[in-house]
Amino acid sequence: MSKAERTKQFIIEKTAPIFNAKGYAGTSMYDLTEATGLTKGSIYGNFENKDDVALAAFDHNYSLIVEYLRKQIELCPNMVDRLLVYPKTYRHFLELPILKAGCPILNTSTEADDTHPLLRKKAIAALGFWKMAIEKSITTGIERNEIKASTDATAFSFLLMALIEGAVMQAKVTGSSEVLHVTMDYLERMINDLRT
C-alpha cells in the first residue's frame, strides 16, 4: 500500500465513526480535521469533497458489520443456525464497538432518504445485499431440507430486517436494551419455526 493509500485509509478509519454518529449534515470539516489531526487541505488532497469522504466512510462502517456477521455465519453449517446469527448479534448491539454509534444502514437511510442521493443509493444497495443474503440462506435451507418448503424467502427477509432495524432504532434512542431482548427473542422463535 502506497503512502497516499495509507493516508486515505487513515482518514476513512478516523472519520467513519463520526459520520455514523453525527450523520452527513452533522459532521463538519472541523470534526474531520480534529479526528485525523490533518488539515482541510490534506483531507481534500485525498478526497474530492466531503461527499467523497462520507461515501467512503459509509462503505467502511458497513464493511465492518458485514465482515463481523460473515465470520459468525460461516461458523454455522445449518441455514437456520446461520439466520439465528442475526438476533444473536443484534441482541447485544449496544455492547458491540462496531455498532456503538448505531447501525450505519439505519442511520444513513434515515438521514439521506430525502437529502443525499448518493448516500441513499449506498443504503439501498446495502439493504439489497442484506436481503439477498437472507433469501439465499432460506432457499439453500429449503433445498437441504433444513427449512420448511412453504417459507416465503422474500417476505421473511423483509420481516427480519424490519424487526432488527426497528428494535435498533428504539434501543438507540432510548438507550435501553429491553426492546432488543424482547424483539430478538421473538425473532429467534420465528427463525426456529422455519425448521423442518
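Observations on the model:
- Residues that are in contact with a Phe, Trp or Tyr (Cβ under 8 Å, 6 or more places away or on another chain) and of a type in the set (Val, Ile, Thr) were ranked within region 1-39; the one that is farthest from Asp59 (Cα to Cα) is Thr36.
- Residues that are acidic (Asp, Glu) and either under 16 Å from Ile11 (Cα atoms) or surrounded by 15 or more Cβ atoms within 10 Å (Cβ to Cβ) (or both), drawn from region 56-74: Asp59
- With respect to the conditions (1) in a loop (DSSP other than H, G, I, E, B); (2) in contact (Cβ under 8 Å) with a residue 60 or more places away in the chain, Ser176 falls short on a single one, namely (2).
- Lone unmet requirement of (1) touching a residue at least 60 places away in the same chain (Cβ under 8 Å); (2) farther than 15 Å from Leu55 by Cα; (3) loosely packed, with under 15 Cβ neighbours inside 10 Å for Leu83: (3)
- Residues (modelled with pLDDT under 95 and in contact with a Lys or Arg (Cβ under 7 Å, 6 or more places away or on another chain)) located in region 69-96: none
- Ile124 fulfils the conditions (1) within 18 Å of Leu69 (Cβ to Cβ); (2) under 16 Å from the mean Cα position of the chain (by Cα); (3) surrounded by fewer than 18 Cβ atoms within 10 Å (Cβ to Cβ) except for a single criterion, (1).
- Residues within region 1-30 that are more than 19 Å from Ile98 (Cα to Cα), surrounded by 15 or more Cβ atoms within 10 Å (Cβ to Cβ) and of a type in the set (Ser, Thr, Tyr), tallied: 1
- Out of Thr115, Thr33, Thr39, one residue alone is exposed (fewer than 14 other Cβ atoms within 10 Å of the Cβ), more than 19 Å from Leu163 (Cα to Cα) and free of Cβ contacts under 8 Å to residues at least 12 places away in the same chain. It is Thr39.
- Region 42-55: number of residues that are surrounded by fewer than 19 Cβ atoms within 10 Å (Cβ to Cβ) and among the small types (Gly, Ala, Ser): 2
- Residue match in region 130-137 (condition: more than 14 Å from Leu83 (Cα to Cα) and either more than 14 Å from the chain's Cα centre (by Cα) or not aliphatic (A, V, I, L, M) (or both)): no
- Cβ-Cβ distances below 9 Å connect the following pairs, each with a first residue in region 92-111 that is surrounded by fewer than 16 Cβ atoms within 10 Å (Cβ to Cβ), a second residue that is part of a loop (DSSP other than H, G, I, E, B), and a separation of six or more residues or different chains: His92/Ser177; Glu95/Ser177.
The values are calculated or read from the model by the stated rules, or taken from the named source; none is laboratory data. The shown structure was predicted, so the numbers you read here are calculated from the model rather than taken from an experiment. With ideal geometry, Cβ positions are generated from the backbone for all residues, glycine too; neighbour counts draw on all protein chains shown.
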